[in-house]
Every structure is written in structure tokens, then in C-alpha cells.
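> Take this structure first; my questions come after.
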Amino acid sequence: MEIIVCIKQVPETRDVAVDEQTGVLLREGVDSILNPFDLYALEAGIRLKEQYGGRVTVISMGPPQAEAVIREAYMMGADRGFLLTDRAFAGADTLATALALAAGIEKIGGFDVIICGLQTTDGDTAQVGPGIAEILGLPHEANVISLGTVVDRKLNVVRDGGASIDTVAIELPCLITVSKSIGEPRLLSYRRKLAMADAAVTHWSAGDLGKDVRMFGLKGSPTQVERIFPPETLTSQEIWEGSAAELSTRLAEKLRELKFVGGDMA
Amino acid sequence: MAYARITSADLARLQEICGAEWVLWGEAISSDFYHDELSLEGHPPEVVVRPQTTEQVAEILAYCWERSIPVTPRGAGTGLCGGAVAIYGGVLLVTDRMDRILEIDQENLMAVVEPGVLLMDFQKAVEDVGLFYPPDPGEKTATIGGNVSTNAGGMRAVKYGVTRDWVLGLEAVLPNGQIITCGGKVVKNSSGYSLTDLLIGSEGTLAVITKIIVKLLPLPRRQISLLVPFDGLQEAVAAVPKILSSGEIPAAVEFFQQEIIHAAEKYLGRSFPHSTAPAYLLLTFLGNNLAELERAYTEVAEVCLAQGAIDVFIANTADRQEGLWECRGAFLEAIKGMGELDEVDVVVPPNRIAELVEFAESLAQEYKLPIVSFGHAGDGNLHIYMLRGERSREEWLALTEQAMERIYTEAKRLSGQVSGEHGIGLAKRRYLADSLGPEQLRLLQSIKAAFDPKNLLNPGKIISV
């Protein structure tokens, strides 16, 4: 089975502040890491490879130093990697990003499954995965929480659709985005690091993709970020008094009203 | 000696000192105060007092001295040897209200705290200003006062030492109510016998600690952990001296077996990133940049592979490390979930720990006793837990006593000590006496008598008088 996993290098977001005046992330002293959701995409891909054989290929778009996250994917179990790196890709919104990655995947060719993390921790849009699938004309499912088996060229998955949890069989080739429920991602293997020390990472420029380069980067982006700001935090409090039984019933009602829990009150 | 029982006049006086709401007696005393985290039987104190100031502590002790009432100091009650249990009744003096961080001195890299400050709160407070308090006992809800009283160690002892290495001075109240200060905000001190060092690890038998001066370090900015699987516990533990002599000292070197990972996974409801190997080492490196840390871990990874490690797994992000250390932190709770147990906390020279582990394993076989061990491989401190399992209590107690006896004898043969970090308290008095021998025991008794001639402060702990 040929598996492609899309990954991204993002700033490590703990305690990252946003300059409220300029809307710019304050990245000073912040390390770059592999997008945490992509660890789960890699884990899903490597598990499929372990079960069905084949190969895990990773692809990323970013500056040359983003090669670090491809090397990290090698240490988890990926077999080869492609980095789309070119100034022409800079400033891409989700559409231009999806177009570039789709073009790269087309050029790699011969895949059965494309796996993306649910979203990135720097953009949080969750649009790029489904975007790639639409561009490539592939069936796709987002927010997959569990992988099943492949039967008759169909991949069985369980997806969380918000209102319902559905078991779906998707015809290959397809694209899925996976959530953190998919399984604990494995750690980086030092033995894999040694084994893959000489493995190359293929760099492609915008021109290498054989498309009109005006569809990539800032030029190809119909949306622009006007302002980035931290979400507002609510500080209002409610204080309730009553017996334990009354209070627990009331608390359960409130949690249900806020949709923090589901189910019947019976 | 005969101790006085608490009378209503005593209660009135204690209420007068602390305020009525901070004195509990009779049925108002929760049974939580009867025991600590691991002692087998409970002892109710006659009265629980919760003073807030040094002066109140001094007045309480002076009064009890006058009346010959025993006083047992207690922090958060998270000890494991019965040290904070009032075995003779009397007053249980709880320091939970003395919980202020009085000063974080960024110029001198020092802090002054009251004894009731919780370790986790203190660690966070200093980290918030870019500083670092290196001692890292597993029990984060313990008080700093309790840490000082037991000379608690923890995970980072291999590189940074134990609580004693970070305490520069103390304020304490003697059993007769006199307040003393020893040591201070000085980095060096050669001024006579160190009473500070004598009070550290004295488990509340010599004085009640009311203020603590500790030193701090700049906070290391980066951390990387390695999880190293081995084919067996022997192989894992035997690799440790090689790691320590490789030139890169990790901040922590822990070891554990597969069984306890599964128990912790069940307890936490989350899965550990790797659990197919029989035994593991878990290492942490602290530093200021990733390149420096990568150099350090590469060297150690090579040593581990040369020593037969299956692989070396690298946790390079905060999330990944949290998954590992959260699991390590849950070991004790997970083991407690396996039923009644008793524990040994012996320490041997780091290069002898493999022999001790092997001995514990052979005992488990011989007595058919479920024994779980894990601990601080890098500093030679082994925690061995003996589980009751399906046995009757009587049979289990008899078996553990025999097994314990033999472990302590073996530890002594390996040039070890009775307790690495939990203390002696009530549970290990006999083993300490055996280990010290008559001359040293007599010296300890003289020291106790010099501080506490009426044997009122935490009587019956560490040594018999």
C-alpha cells in the first residue's frame, strides 16, 4: 500500500503570545516542531504500512529548514520525503497550500491513501486536507477517530461527524484527516535515525511542479489574514447553593446545555 | 516517660494561641490525620492544631513542654514511613497554614519559604520567574517542610543531589519553645557544627521547622527525554554506570518494568508510547539549547545501544515528554491500586544497583511474593514494593518481614543504607538500629536528648530513646 502523509512544521505553541497591535505571533525563542496533529497522521500511516506492507511517503511545504520535520518522520518510520520549498510558495492561504500539496502529490503519483492531521496548531483551519482531496477529485473523510481494515479496495474508518459517529467505507485512493483518537503516536527511534542518516529529502521548487506558479503562495491566495488575536476568555462565575442531589442534577443539566456531555438525563 | 493527657484546659489554651477554628479534637478529627500514605495502622491524635506563625508554634511547644504533652509535626501527610503519625496521641501540629513563599530573591538566586508550601506550588512560582528548584520528589503535593524533614530526594538527584544540597538555612522552634535560626542566605558556611544539616532529615524529632532558605538555579530552557527499552531489568540497570561515566550526566535516570507500565496505563486511562519491552530506562537531559542536548543524548544513545538496548526512543517535545513523565509519576498510585503493600526504599552505590535488583527478583521467586520494583537507577535508590495479592494478611506480614530482613542485609552487604529518601519514621526504626550499630545509635540518642530531654517531639520516631 502506498501511503502519503502530509506534514507541517509549526511553532511550538505553549505560551506563544500574539502581539495584539500587529497580530503577529511572538516567535522569539520558540522552537519549531512537527505539527502535533501530524504525529497522529504519521502513526496512522505507519500502522497501515505495518498491516498491509508498502511505503510511507511524507510531503511538506515550507522553508528549507522544514526538512527537520521530514527527518523526524523518518525516525518514526516514514520511508521517503518531499519538501516543496520556494519563495513562490510563501504567504499561501489554505487554498494555495492545498493546490501546491495536491500538485506535489500528483507528481509523486501512485498512492492509495493520503493522510493528514486534523488541523495544524498554527492555523487551526482544518481546510487543507479536504482541499487537497477536492482538487485531486478523491473521496475523503475528515476527523477520522479510528482505522479499520481494507476490504475490496475500500478503507473502513470511523469518523466523528459532530452530531453522529459513523462507520464509513471509502474507496481507494482516498484522503482522510485523523484526530488524536487514532492511537498514541510512537516516539522517535534512534535506530531509525542511524538507518536513515543517508536517506535524501527531495526538494521541489514551484517550477518543478509543472503548474502555473501564479496559483501558489500569496499570489494564488484569495483570502488574507487581517488580524490575529487570542480568543477572549470568559471570567464570569455562577455560584449555586443547594443539596448535593440538587446541585449534581443542576450541574449535569448545565453541562448538557453547554454540550460538554451528551446522553439522556434519565 | 509518662505523657500528660489533653484536658479541657489544654484545649482552651491551644485555642487561645491558634484561634478556636484552628484546633480540632475528638470526632472532629478526620481519620486522614491518623495515618500517612502508607502506614499499616492508624493512631488518632488527641488534638490537631494548625498554627499560622512561628510565634504560635513557639507558644504551642512551650505550653506542651510545660505540660509534658507529646507533639507530632506534620506537613501534607504524604510520608511513607509513619513519620507524621501521632503514635503517643497528644498534639498533631499541622503546618498547612504556614504556606507562604516569603521571598524569591532573584539577585542571590535564593528563596525563603514557610514549611507548609507545597512542592508543586513552589516549583511553579520559581519557574514563573525563570528560576529552578532542582529537587524533584515524585510526590508533588508534599510540603517543602516535609521534604526538608525527610531529606527527600527524587528523580533529579543523579545530577542535582537531594533536598539537603539546596537548603542554606532554617528557622526552627525547639521543644521548649525557643526559636533558633541556623545557616542563612550564605553560599558558604564553615561556622561550626551545622545545625541546619542536623535538622534536615530529622523528621520532626529535634525541632519544628518554621522557615526554610533554599538556593535556586537559572531555569534550564530545554529538556529532552529518552525512553530506552531493554530485554530485561538486569540489562537495563547494568547499563546505568556506563551511561553515568560517558561524560554526559542526565538530570534523571529512572528504571521500571513492563508490568508497572500496564498498571499505570490502567490507572491513567491513557497508553504509554511503548510497552512491548520487558524493562526500560527513562532519562532526561536539561540544557539551554537543542543542539547541546542533541549532542548529549547522542552520546548516551550510543552507550545504550552498545549495552544491548533494543532501541533508544527520543521524546523531543513537551507533549511527548509529558506523556512519559505523567506515567512515571503515576507508578506509586498505580501500585497502590494493586492492593495492600509494604515498601523498601534502600539505597546502594549506583554501580551496585544491578546486584540489588537481581537479589529482589530472586526473593520474589523464592517466596512467591509479588514484588514490584522501580526507582532511581542513576542514584542507586531502589523502591521495592511487596504486594499482598491473594494471601491472608497474617501470612503476607510474616513473609514480607522475612523478605525485608534479607533485603536490608543484602543492601548493607552492598555498602548501602536503610533509606534513600523516604526516611525512617516508625516503620524502619529497627532496620536503622541494626544498620548503625551501638556506637552510632548512642550518638543519635545523645543528640536527641540534647534537643529534647523530655522526649516530647515526635516521640518514637527514627530511634528509640
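> Taking segment B:321-362 only, how many residues are in a loop (DSSP other than H, G, I, E, B), at pLDDT 90 or above and surrounded by 18 or more Cβ atoms within 10 Å (Cβ to Cβ)?
Filtering segment B:321-362 for residues in a loop (DSSP other than H, G, I, E, B) gives B:330, B:337-340, B:345-346, B:348-349.
In the following step, the residues that additionally are at pLDDT 90 or above were identified as B:345-346, B:348-349.
Remaining after also requiring surrounded by 18 or more Cβ atoms within 10 Å (Cβ to Cβ): B:345-346, B:348.
The qualifying residues number 3.
> Considering only residues that are open to solvent by 10 Å² or more (accessible area, probe 1.4 Å), at positive phi and in a strand (DSSP E or B), which ones fall in segment B:364-407?
Of everything in segment B:364-407, nothing turns out to be open to solvent by 10 Å² or more (accessible area, probe 1.4 Å), at positive phi and in a strand (DSSP E or B).
> Right, something else. Please list, ordered by first then second residue, the pairs with beta carbon atoms under 9 Å, 6 or more apart or interchain, first in segment A:243-264 and free of Cβ contacts under 8 Å to residues at least 60 places away in the same chain and not assigned by TED's automatic domain parsing to the domain that holds A:GLY162, second among the basic types (Lys, Arg) and open to solvent by 60 Å² or more (accessible area, probe 1.4 Å).
Short answer, once both residue conditions are applied: A:GLY262/A:ARG256; A:GLY263/A:ARG256.
> Right, something else. Considering each of A:ALA199, A:ALA206, A:ALA169 in turn, give the residue that is open to solvent by less than 60 Å² (accessible area, probe 1.4 Å), closer than 25 Å to A:PRO139 by Cβ and more than 14 Å from chain B (Cβ to nearest Cβ). Steps first, answer last, please.
Numbers: A:ALA199 fails: closer than 25 Å to A:PRO139 by Cβ; A:ALA206 fails: closer than 25 Å to A:PRO139 by Cβ.
After ruling out the rest, the residue left standing is A:ALA169.
> Are there any strands (runs of 3 or more DSSP E) wholly within segment A:100-166 with 1 or more residues that are open to solvent by 50 Å² or more (accessible area, probe 1.4 Å), and if so which? Break it down into steps so the answer makes sense when it comes.
Working: elements: A:113-117, A:140-151, A:154-160.
Filter on segment A:100-166 gives A:140-151, A:154-160.
> Any idea which of (1) open to solvent by 60 Å² or more (accessible area, probe 1.4 Å); (2) touching a strand residue (DSSP E or B) at 6+ places or on another chain (Cβ under 6 Å); (3) modelled with pLDDT under 95 is the one B:ARG221 doesn't satisfy?
That leaves (2) as the condition not met.
> For segment A:72-90, which positions are within 14 Å of another protein chain (Cβ to nearest Cβ) and closer than 21 Å to A:ALA103 by Cβ? Give the derivation first.
Our first condition is that a residue be within 14 Å of another protein chain (Cβ to nearest Cβ); within segment A:72-90, this holds for A:72-77.
A:ALA73, the sole residue that qualifies.
> Something else: Could you say which residue among B:GLU292, B:GLU322, B:GLU248, B:GLU299 is over 18 Å from B:ASP231 (Cβ atoms) and touching a helix residue (DSSP H, G or I) at 6+ places or on another chain (Cβ under 9 Å)?
On the way: B:GLU292 fails: touching a helix residue (DSSP H, G or I) at 6+ places or on another chain (Cβ under 9 Å); B:GLU322 fails: touching a helix residue (DSSP H, G or I) at 6+ places or on another chain (Cβ under 9 Å); B:GLU299 fails: touching a helix residue (DSSP H, G or I) at 6+ places or on another chain (Cβ under 9 Å).
Criteria check complete, one pass: B:GLU248.
> Kindly indicate which of B:LYS266, B:LYS185 is in a loop (DSSP other than H, G, I, E, B), among the charged types (D, E, K, R) and open to solvent by 70 Å² or more (accessible area, probe 1.4 Å).
Values: B:LYS266 fails: in a loop (DSSP other than H, G, I, E, B).
Of the residues listed, the single one that is in a loop (DSSP other than H, G, I, E, B), among the charged types (D, E, K, R) and open to solvent by 70 Å² or more (accessible area, probe 1.4 Å) is B:LYS185.
> Next question, about the same structure. Quick check on segment B:59-72: of everything there that is under 16 Å from B:TRP22 (Cβ atoms) and open to solvent by 10 Å² or more (accessible area, probe 1.4 Å), which residue is farthest from the chain's Cα centre (by Cα)?
B:TYR63
> Could I ask something else about it? Does A:LEU187 fit the bill of being within 22 Å of A:ALA102 (Cβ to Cβ) and crowded, with 16+ Cβ neighbours inside 10 Å? Walk me through how you get there before you give the answer.
Details: within 22 Å of A:ALA102 (Cβ to Cβ): no; crowded, with 16+ Cβ neighbours inside 10 Å: yes.
So A:LEU187 fails the test.
> So B:GLU366 passes all but one of these: (1) at pLDDT below 90; (2) more than 14 Å from every other protein chain (Cβ to nearest Cβ). Which condition number does it fail?
(1)
> Please determine, by comparing only the residues of segment B:300-350 that are within 10 Å of chain A (Cβ to nearest Cβ) and among the acidic types (Asp, Glu), which one is farthest from B:THR78 (Cα to Cα).
B:GLU302
> I would also like to ask the following. How about segment B:269-299: which of its residues are in a helix (DSSP H, G or I) and within 12 Å of chain A (Cβ to nearest Cβ)? Break it down into steps so the answer makes sense when it comes.
So in segment B:269-299, the residues in a helix (DSSP H, G or I) come out as B:290-299.
Hits for segment B:269-299 are B:LEU290, B:ALA291, B:LEU293, B:GLU294, B:TYR297, B:THR298, B:GLU299.
> Could you please find all residues in segment A:77-88 being open to solvent by less than 10 Å² (accessible area, probe 1.4 Å) and either more than 21 Å from A:TYR40 (Cβ to Cβ) or of a type in the set (A, V, I, L, M, F, W, C) (or both)? Give the derivation first.
Of segment A:77-88, the ones open to solvent by less than 10 Å² (accessible area, probe 1.4 Å) are A:77-78, A:81, A:83-84.
Scanning segment A:77-88 gives A:ALA78, A:LEU83, A:LEU84.
> Looking at segment B:310-320, is at least one residue touching a strand residue (DSSP E or B) at 6+ places or on another chain (Cβ under 7 Å), buried (at least 18 other Cβ atoms within 10 Å of the Cβ) and modelled with pLDDT under 90?
Yes, segment B:310-320 has at least one match.
> Does A:ILE46 count as assigned to a helix (DSSP H, G or I) and at pLDDT 95 or above?
Details: assigned to a helix (DSSP H, G or I): yes; at pLDDT 95 or above: yes.
Taking the combined requirement at face value, the residue satisfies it.
> When segment A:50-71 is examined, which residues are found to be closer than 22 Å to A:VAL113 by Cα, within 14 Å of chain B (Cβ to nearest Cβ) and surrounded by fewer than 21 Cβ atoms within 10 Å (Cβ to Cβ)?
First, pick out the residues of segment A:50-71 that are closer than 22 Å to A:VAL113 by Cα: A:50-61, A:69-71.
Subset that is within 14 Å of chain B (Cβ to nearest Cβ): A:50, A:69, A:71.
Within segment A:50-71, A:GLU50, A:ARG71 qualify.
> List, please: which pairs have Cβ atoms under 9 Å, are six or more places apart or on different chains, and start with a residue in segment B:402-416 that is over 15 Å from B:ASN381 (Cβ atoms) and of a type in the set (Val, Ile, Thr) and end with one that is modelled with pLDDT under 95 and surrounded by fewer than 16 Cβ atoms within 10 Å (Cβ to Cβ)?
Going by the 9 Å Cβ cut-off, the qualifying pairs are B:THR409/B:ASP434.
> Tell me whether segment B:247-260 contains one or more residues that are more than 10 Å from every other protein chain (Cβ to nearest Cβ), part of a loop (DSSP other than H, G, I, E, B), closer than 20 Å to B:PRO220 by Cα and among the β-branched types (Val, Ile, Thr).
Here is the first cut: in segment B:247-260, the ones more than 10 Å from every other protein chain (Cβ to nearest Cβ) are B:247-260.
Adding the requirement that they be part of a loop (DSSP other than H, G, I, E, B) leaves B:247-251.
Subset that is closer than 20 Å to B:PRO220 by Cα: B:247-251.
Subsequent filtering for residues that are among the β-branched types (Val, Ile, Thr) retains B:249.
Yes: segment B:247-260 contains one or more residues that are more than 10 Å from every other protein chain (Cβ to nearest Cβ), part of a loop (DSSP other than H, G, I, E, B), closer than 20 Å to B:PRO220 by Cα and among the β-branched types (Val, Ile, Thr).
> Restricting the search to segment B:26-51, which residues are touching a helix residue (DSSP H, G or I) at 6+ places or on another chain (Cβ under 6 Å) and open to solvent by 50 Å² or more (accessible area, probe 1.4 Å)?
Of everything in segment B:26-51, those that are touching a helix residue (DSSP H, G or I) at 6+ places or on another chain (Cβ under 6 Å) and open to solvent by 50 Å² or more (accessible area, probe 1.4 Å) turn out to be B:PRO44, B:ARG50.
> Suppose we keep only residues that are over 22 Å from A:TYR52 (Cβ atoms) and out of contact with any strand residue (DSSP E or B) (no Cβ under 7 Å at 6 or more places or on another chain) within segment A:172-195. Which one would you say is nearest to the other protein chains (Cβ to nearest Cβ)? Before you say what the answer is, go through the steps one by one.
Let us first name the residues in segment A:172-195 that are over 22 Å from A:TYR52 (Cβ atoms), namely A:180, A:187-188, A:190-191, A:193-194.
Then drop every residue that is not out of contact with any strand residue (DSSP E or B) (no Cβ under 7 Å at 6 or more places or on another chain), which leaves A:180, A:191, A:193-194.
Values: A:LYS180: 10, A:ARG191: 5, A:LYS193: 8, A:LEU194: 9 Å.
Checking each candidate, the answer is A:ARG191.
The values are calculated or read from the model by the stated rules, or taken from the named source; none is laboratory data. It should be emphasised that the depicted structure is a prediction, and the values quoted were computed from it without experimental measurement. Please note: Cβ atoms are built from the backbone with ideal geometry, for glycine as well, and neighbour counts cover all protein chains shown. Surface accessibility is based on the protein's heavy atoms, side chains included, excluding ligands, DNA and RNA. Shrake-Rupley method; radii C 1.70, N 1.55, O 1.52, S 1.80 Å.
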